[in-house]
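Nothing in this text is a laboratory measurement; each read-out follows from the coordinates by a stated rule. These numbers come from a predicted model, not from an experiment. Positions of Cβ are backbone-derived with ideal geometry, glycine not excepted, and every protein chain shown enters the neighbour counts.
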Amino acid sequence: MKKVVKFGGSSLASAEQFIKAGDIIRSDKERRYVVPSAPGKRFGKDTKVTDMLYGCYAKAEAGEAFAEDLKMIRERYEEIIHGLQLDLSLADEFAAIEEKFREKAGEDYAASRGEYLNGIVMASYLGYEFIDASTVILFDENGEFESEKTNKVLAERLSHVECAVIPGFYGAYEDGKVKTFSRGGSDITGSIVARAVKADVYENWTDVSGFLVADPRIIKNPVGIETITYRELRELSYMGATVLHEDAIFPVRREGIPINIRNTNCPEEKGTWIVESTCQKSKYVITGIAGKKGFCSVNIEKDMMNSEIGFGRKVLQAFEDYGISFEHVPSGIDTMTVFVHQDEFINKEQKVVSAIHRLADPDTIDIESDLALIAVVGRGMRSTRGTAGRIFSALAHANVNVRMIDQGSSELNIIIGVSDEDFENAIRAIYKIFVELEL
Ligand code: ASP
């Protein structure tokens, strides 16, 4: 068995947290490949090392003094090294970083040093080999991640290494220039490594015990999700569930490797399993609820729209022309509605409206703003009758007016549009009917 373990920033924020991570790794010899993030927050108002690096580099790039900022970053690592009683000096590393900052090596290079240095510390602490991610995680000249080439290079490299630490979040272009993934990207690195070594499981250690059925800021103590499929998770992360980077499932999904989200502070808890498919029924008909505010709907009316071939295409063309992606397009006989992100749309709305008039010649166009979308997701919905009925009666009882309904053809989710101000109430009502009343 081979396990790839990724530790998030809060799991490696201090020597104390490092020791917990080390104990977890050492307690199972199958945990052979380790992907660390940069040190995160030690307490609520603390600053992540990655943010300190961005700030420090911004000064370097503006030609301002940055030595003091770099010193504070170095102190974060010194504190960890000292707490772990390691015989390790990062003096040369920091001298090289200072030099590179002066040469304006780029924001990606700067941000990547958080993981790079933490990888060196982790490798020294565990006695594992350190592999610089810039030699094995590869990007093409347009900054696109090269999945197949990386997989080949990484698989070959790791086939000779029994145990290794590969820092998360970054890789490099062909010429060696560092490139990072988007924020939270160490989750993606962990998944890439798991695919390359054909791991039995990708363990993602963080500071929560997995995914929750609903957002704890809205529902007090929501129940946890034991098992969720990749597809269900896609729907939920797209709608705002943020435990794992939304792109992290793609590499492991190709090999059918399960992801296990675990809590470094409570390693005895089983966490959430993310799998390709399962015959395990979720405890409730729904697996999870997530949602986002800040959408608007563009309602287009035209008599006999349904018999006019190409009408929908012309309308969507107007959005495409202004680079706006749409979320949902429910339609009726004489109406069609396009849901878009308000912040993307707001500055271009009049241009899009006139383009729709020009291209599709509708009778009227009416825009509504401040709408929220809620996704109710669950593989169990397909085989259970009455789910939609229960959702809508719960919403009616909670006095929530439903503005839009869209059931995906996969029958995996039902998307509901409500006004922003009804958002929390709607989630509470849905949670209550499917979880609290079932408990
Ligand atoms: N350290 C990076 C960030 O703060 C990447 C990561 O933690 O995954 O976004």
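Numbers at a glance
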| item | result |
| --- | --- |
| Rg ratio (alpha-carbon, reference 2.2 N^0.38 Å) - segment 94-187 | 1.08 |
| J(HN,Hα) series, segment 427-434, from Karplus relation 6.51 cos²θ - 1.76 cosθ + 1.60, nearest Hz, glycine and proline x | 5, 4, 5, 5, 4, 4, 5, 8 |
| Rg and Dmax [Cα atoms of the chain; Å; Rg one decimal, Dmax integer] | 24.5, 78 |
| Among PHE43, PHE130, PHE345: highest mean-square fluctuation, GNM of the chain, C-alpha pairs under 10 Å | PHE43 |
| Average Cα contact separation per residue, the chain, under 8 Å, 6 or more apart, as relative contact order % | 13 |
| Amide hydrogen neighbours beyond the local backbone of ASP215, cut-off 5 Å, H modeled | none |
| Contact order relative to length of segment 219-336, as percent, for alpha carbon pairs under 8 angstrom and 6 or more apart | 27 |
| Cross-link pairs LYS3/LYS152; LYS20/LYS220; LYS20/LYS41; LYS152/LYS198 - those with Cα-Cα distance over 21 Å | LYS20/LYS220 |
| Net length gained if the chain between LYS314 and ARG183 were fully extended (0.36 nm per residue, minus Cα distance) | 43.6 nm |
| Debye, to nearest 20: dipole size of the chain, +1 on Lys, Arg Cβ, -1 on Asp, Glu Cβ | 1360 |
| Förster radius 45 Å - calculated FRET efficiency between LYS270 and THR135, Cβ distance, rounded to 0.05 | 0.80 |
| Cα centroid separation, segment 229-262 to segment 407-439 (Å) | 21 |
| Dipole axis of segment 81-236 (+1 Lys, Arg; -1 Asp, Glu on Cβ), positive-most option in GLY185, ILE228, ALA91 | ILE228 |
| For segment 331-345, Karplus couplings with θ = phi - 60° (6.51, -1.76, 1.60), whole Hz, Gly/Pro x | 9, x, 5, 10, 9, 8, 10, 10, 8, 9, 6, 4, 5, 6, 8 |
| Residue-averaged 222 nm ellipticity for the chain, from DSSP H runs of 4+ at -39500 (n - 2.57), nearest 500 | -11500 deg cm²/dmol |
| Whole-Hz couplings from phi, Karplus 6.51/-1.76/1.60, listed for segment 263-270; x for Gly and Pro | 9, 4, 7, 9, x, 6, 7, 6 |
| For segment 129-180 and segment 333-368, distance of Cα centres in Å | 44 |
| Relative contact order (%) - criterion: Cα under 8 Å, at least six apart; region: segment 165-214 | 27 |
| Mean Cβ neighbour count within 10 Å, used as a protection proxy, ranking 120-126, 284-290, 15-21, 44-50 highest first | 284-290, 120-126, 15-21, 44-50 |
| Interchain or long-range residues, amide H under 5 Å from ARG262's placed H | ASN204, TRP205, THR206 |
| Farthest toward positive dipole pole in the chain [+1 Lys/Arg, -1 Asp/Glu at C-beta], among GLN280, MET381, ALA241 | GLN280 |
| LYS29/ASP87 FRET efficiency (R0 22 Å; Cβ-Cβ; nearest 0.05) | 0.35 |
| Mean projection area, nm², convex hull over Cα of segment 1-120 | 7.8 |
| Size of charge dipole - segment 184-237 - debye, nearest 20, with Cβ of Lys, Arg +1 and Asp, Glu -1, no other charges | 120 |
| Label-reachable residues, segment 132-153, where backbone N falls under 19 Å from a point 7 Å from ASP175's Cα toward its Cβ | 134-146 |
| Check: segment 280-321 dipole with +1 on Lys, Arg Cβ and -1 on Asp, Glu Cβ, in debye | 500 |
| Built amide H within the under 5 Å cut-off of HIS328, gap 5+ | PHE339 |
